[in-house]
Amino acid sequence: MAEAGLIAVGAGLAFGASAFATAWAESKIGVAAVGAMAEKEQLFGKGLILTVIPETLVILGLVAVILIIRLAG
Amino acid sequence: MSEAMTKIRIITPHSVGVRVIDTLYNLSLFHVNPSNGEYNLGKGNPLATAESLSSSLLKAKAILQEFGSELLSHERTFGKKEMNQLETVHHDVFRLREQEQTLTSQLQKATEEHEISSGLDALGIDRTLVQKLHYVACFVGFCAPETLQSRLKVTHEFKQVPLGQKILCALFVQKKDELLVRVVLQETGWVQVAVEQYMTSTAQLKKQITHLTTELRACEKEKEQLRKAHAQFITDVELYLDIEIKKAELPLQFATTAQSFVATGFVPSRHLARITKTLEYATRKRVTIEELHVDHDEAVPVQLANKKTVRSFEVLTKLYELPSYFEADPTSLLFITFPLFFGIMLGDVGYGFVTLALFLFLRKKKPDIKAWCNVLIYASIVSIFFGFVYGEYFGFESVSVETGSALCKRGLCLVKEIVEGHGALEVVYTFPRLLNRVHGNVAIGGLELPSIMAFSIFIGALHVNLGLLIGFYNVWKAHGLKLAVLEKLSWIVLEIGLVVLVLGLSSVIPVHWIVGTLIMIVSVIGLCLGEGVKGLIEIPALFSNMLSYMRLGAVGLASVGLAVVVNESLALPMFEKGGFFILGGMLIMLVGHGINIALGVIGPFLHSVRLHYVECFSKFFHGGGIEYIPFGKKAQTEGEL
C-alpha cells in the first residue's frame, strides 16, 4: 500500500511539475504575444502558435505519468 | 487549392489610358504589381483630373461631416452638372455654417450681457449715475463675499446678488479709500465688471436675444432642409469621387514612356481570354497584352479557390497565414482533420447536439461570423458521431439498473455490465459503444495503455506523415524530386527504420535488428543532405510531435471527468434527497454542463488548431502569401461566404 502511495506521489509530481513548467513558459510567451497582437491584429495565428508550443511539456508529463503507473503499478 | 494566376503586361497609348483603367476597374480582376523601374522606365503620373477630383472629394467629405449623417452609399456615375451641384451645396452649407457661428457668438454675448445687466438691476445700480459720482467710488464685480468681508474694514455700502454660480457684488467707498480698497480687492480675487459697457437696458437685450434665437433657428432649419435634400446625393458623390480618384491615381503604379504606359500585374488564368477581349474591344485594339514568365521567388498574389463546403475552412488557413502561391493550400486538409480532432476530443452526443444548435442559431443571427459557425457546425456533427462511438451522453456512460430495466421494457435494451463504483461492485446498463475512452485499455508490447491514448498517437502518426507527404509534393513542385526525397521522404524512411528495429528486437517480425538500424542510418544521411544540421536536431521533435497528439485523448478525458463530477458527485446526491433538492440538482446540472460545454468548445478548438499549425503545418507549410486584391469593386467579404 505504501508503495502504491509512492507511485501516486511520483506520478503526481511528474504531472504537476510539467504542468507548472508549461504554465510558467506560456505566461511569459502569452504576455509578449498579446503585446504583439495589440500592435498588429493579424499576428493572432502566430501568437497562438508561440503561446501553445510549451504544451508539449505537459503532454510529455502525461506520458511519464502513464509510464510510471503502468510500469510500476 | 489556390486560383491559377497569370502574369501579364498591358501596354497602351496614353490616349486610351482612361478607357483601359475604366475597363480594368469594371472587370475587377487585375491585381496591379507596382512598377519597380524596370527597363529604366519612369513612373506614371496621375491623370489630369486627379487634382480637381481630390478637391471635390474634400468638399464632399466636409459637407458630410457638417451634415453628420451616415447613410449607405450607392455606386452611381455623376457628370459635370452634379459636380456643379456639389459646389452649390458646399457653398450653401458653409455660408450657413458661417452665419450660424456668427449668430451663436452674438447670442452668447447678448446672453452674458443680459445676465450681468439684470444683476446690476437687482443691485439697484443706475449705470448713468454711477459714472457721475465725485465723492464716492463704486466697484462692481464678481467676488467671494466671505473672503472680502473678512478682509475689508472700510466697507460703507456692500451689496451682493447671485448670478448663476457666481456672485455679483457692488461696493461703495469714499473716494479717499479707493486705492486701499482696490489693493484689497486685487488680493481677494475680485473680477471687475465695467459698468459703462452695460448701458443697454435689460428689456432691449431680451428683445435682441429673442431675435437672435429666431434667426439661429431659421438657420438650423435651412441647414436641416439642405441635409434632407442632399445628404444621399453627397454620400453617393463621395463614393463616386473616391472611385474616380483611385482610377486617376492608378497610373502612379504603372511604368510610363512619352507615348504609352506599361501596367504589370496578375489575373486569374481562367479569365485571361475575357480580359484580353474586353480590353481590345474598349480600346479598339490599341492595346498589347503579353503573358510573362513567373519566377519561383516571385510574390504571386493568392486567392484561395475551394469548393463551397470547404470554403468556410479558409478562415482557419487565413488565421495562420495565406499559403504562398507555389505551395498546396491546406484548407482541404483542415476540412477533414479539424472537425475530426474536435470530435475525438469533445465526443459526446448531448454536448454535440447543444453546440450544433448553438452554432446553427449563431449562424442565423450573426452573418459576419458565418464561416466560423460553419466550421464549428461540422465539428459538432463529428462530435455527435464520436459520442455514439464512445457511448457518452452528457457525460453519462451508463444508467442505473432501474432505468435500464424500464428502458428495456419499452424496447430499448442497453448492455448490462458489472462495474466497480464507490469501492463496491454494482450492476449498470451501459450505452452501446465501440470504444470505451474512460476505462478501455489496449496492450502494446506488454504495456497496457489507455486505448484512447494509443488511438490518438496512431492518428498523430498518420497526420504528421500526411504533412510530410504534402511537404514532399510541395518541395517536388518547387525544387525537384531529389530534394523532395531527401528533405521529406527521409523522415518517413526513418520512422519505418525505427518500426522495423523495434519489431525486430521484440521478435514480432523475423528481421535482424541491424536491418532496422541500417534503414535509420540511411535516412539520417538523407536528412543531413536534404535539411542539413537542422534535420538532425529535429529528429526528437518528430516523435514528440506524434506524442503531442495524446492531447486528443487527454482533453476529452478532462471533459468527461468534469461531466462525471457534475452528474455523480454533485447532482445525483441532490436528486436522491428528493423534494426541493431536485431543483437544486437540476440547477447544478445546468450550470455544470454549461461550463463544461463552454470549455468543451474552447479546448478542442484551440488544441485542434494547434495540432494543425504546430505539428502538421511545420512539415510542409511556409506561408507568406500575399492576398489577391484586384483593382476594382470591393471583393467579397468573409461573411458572404
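No value in this document is a laboratory result; all are computed from the given coordinates. Note that the structure is predicted; figures quoted are calculated from it, not measured. Using ideal geometry, Cβ is built from the backbone for each residue, glycine included, and neighbour counts are taken over all protein chains shown.
For this structure, a couple of remarks:
- For residues of B:547-553, the mean tally of beta carbons on other chains within 10 Å: 3
- Of the trypsin sites (Lys or Arg not before Pro) found in the range B:301-361, those in coil by DSSP whose Cβ has at most 15 other Cβ atoms within 10 Å are B:307.
- Residues listed by number, the range B:331-361, amide nitrogen under 12 Å from residue B:385 label point at 7 Å toward C-beta: B:336-344
- Cα-projected label distance for residue B:522 with residue B:575, points at 7 Å along beta-carbon direction, nm: 6.1 nm
- Sparse packing (at most 14 other Cβ atoms within 10 Å of the Cβ) combined with a DSSP loop state is found for the following GluC sites (Glu not before Pro) in the range B:1-87: B:70, B:75.
- Cross-link partners of residue B:308 among lysines (Cα-Cα below 26 Å; sequence separation of 8 or more within a chain): B:318, B:364, B:365, B:366, B:370, B:633, B:634
- Taking the C-alpha atoms only, the angle from helix A:2-39 to the longest principal axis of chain A is near 0 degrees.
- Loop-located chymotrypsin sites (Phe, Trp or Tyr not before Pro) in the range B:47-137, at most 12 other Cβ atoms within 10 Å (DSSP): B:135
- Residue-wise HN-Hα coupling along the range B:580-585, computed from phi with Karplus coefficients 6.51, -1.76, 1.60 (Hz; x: Gly, Pro): 5, 4, 4, 4, x, x
- Using a Förster distance of 45 Å, the FRET efficiency for residue B:502-residue B:439 (Cβ separation, nearest 0.05): 0.95
- If R0 is 56 Å, the Cβ-Cβ spacing of residue B:166 and residue A:43 corresponds to a FRET efficiency of close to 0.50.
- Beta bridge orientation in the protein assembly as shown: antiparallel %, DSSP, nearest 5: 95 percent
- Segment residue B:146-residue B:368, extension gain: residue separation times 0.36 nm, minus the distance between their alpha carbons: 73.5 nm
- Unit charges at the beta carbon, dipole of the protein assembly as shown: most positive-side option, B:195, B:387, B:579: B:195
- Three-way shape label, the range B:36-189, alpha-carbon gyration tensor, a/c 1.5: prolate
- C-alpha long axis of helix B:50-67 to longest principal axis of chain B, angle in °: 70 degrees
- Shape of the range B:106-203, Cα gyration tensor, a/c cut at 1.5: oblate
- Inter-label distance, residue B:529 to residue B:271: 4.5 nm, where each label sits 7 Å from its Cα along the C-beta direction.
- Were the residues from residue B:41 through residue B:69 laid out at 0.36 nm apart, the gain over their Cα-Cα distance would be 5.5 nm.
- Charge sum, other residues only, whose C-beta stays under 15 Å from residue B:284's C-beta, Lys/Arg counted +1 and Asp/Glu -1: +2
- Cα centroid separation, the range B:465-541 to the range B:297-333: 28 Å.
- Relative contact order, percent, the range B:406-519 [alpha-carbon distance under 8 Å, six or more residues apart]: 12 percent
- Distant-in-sequence amide H partners of residue B:168 (H built 1.01 Å from N, under 5 Å): B:161, B:163
- Cα gyration tensor shape for the protein assembly as shown, rounded if a/c is under 1.5, else prolate or oblate: oblate
- On the basis of the beta-carbon distance and an R0 of 60 Å, residue A:53 and residue B:220 show a calculated FRET efficiency of 0.45.
- Set of lysines with alpha-carbon distance to residue B:59 below 21 Å, sequence-local pairs under 8 removed: B:80, B:81, B:223, B:228, B:246, B:247
- Checked against a 20 Å cut-off, the cross-linked pairs A:40/B:43; B:534/B:619; B:109/B:207; B:109/B:206 give Cα-Cα distances beyond that limit for A:40/B:43.
- Estimated inter-spin distance, residue B:51 and residue B:512, nm [label 7 Å along Cα→Cβ]: 9.0 nm
- Taking amide H as placed 1.01 Å from N in the peptide plane, the amide H of residue B:348 sits under 5 Å from that of B:387, each at least 5 places away or on another chain.
- Each of B:114, B:211 was scored by other Cβ atoms within 10 Å of its Cβ. Arranged with the fewest first, they read B:211, B:114.
- For chain B, the longest principal axis of the alpha carbon atoms and the long axis of helix B:370-390 meet at an angle near 40°.
- Ranked list, fewest to most other Cβ atoms within 10 Å of each Cβ, for B:49, B:23: B:49, B:23
- Distant-in-sequence amide H partners of residue B:5 (H built 1.01 Å from N, under 5 Å): B:269
- Converting phi to 3J(HN,Hα) with the Karplus coefficients 6.51, -1.76 and 1.60 and the offset θ = phi - 60°, the range B:11-28 yields 10, 8, x, 4, 4, 10, x, 4, 5, 5, 4, 4, 5, 4, 5, 5, 6, 6 Hz in sequence order, with x at every glycine or proline.
- Fewest neighbouring Cβ atoms within 10 Å first, the residues B:346, A:43 line up as A:43, B:346.
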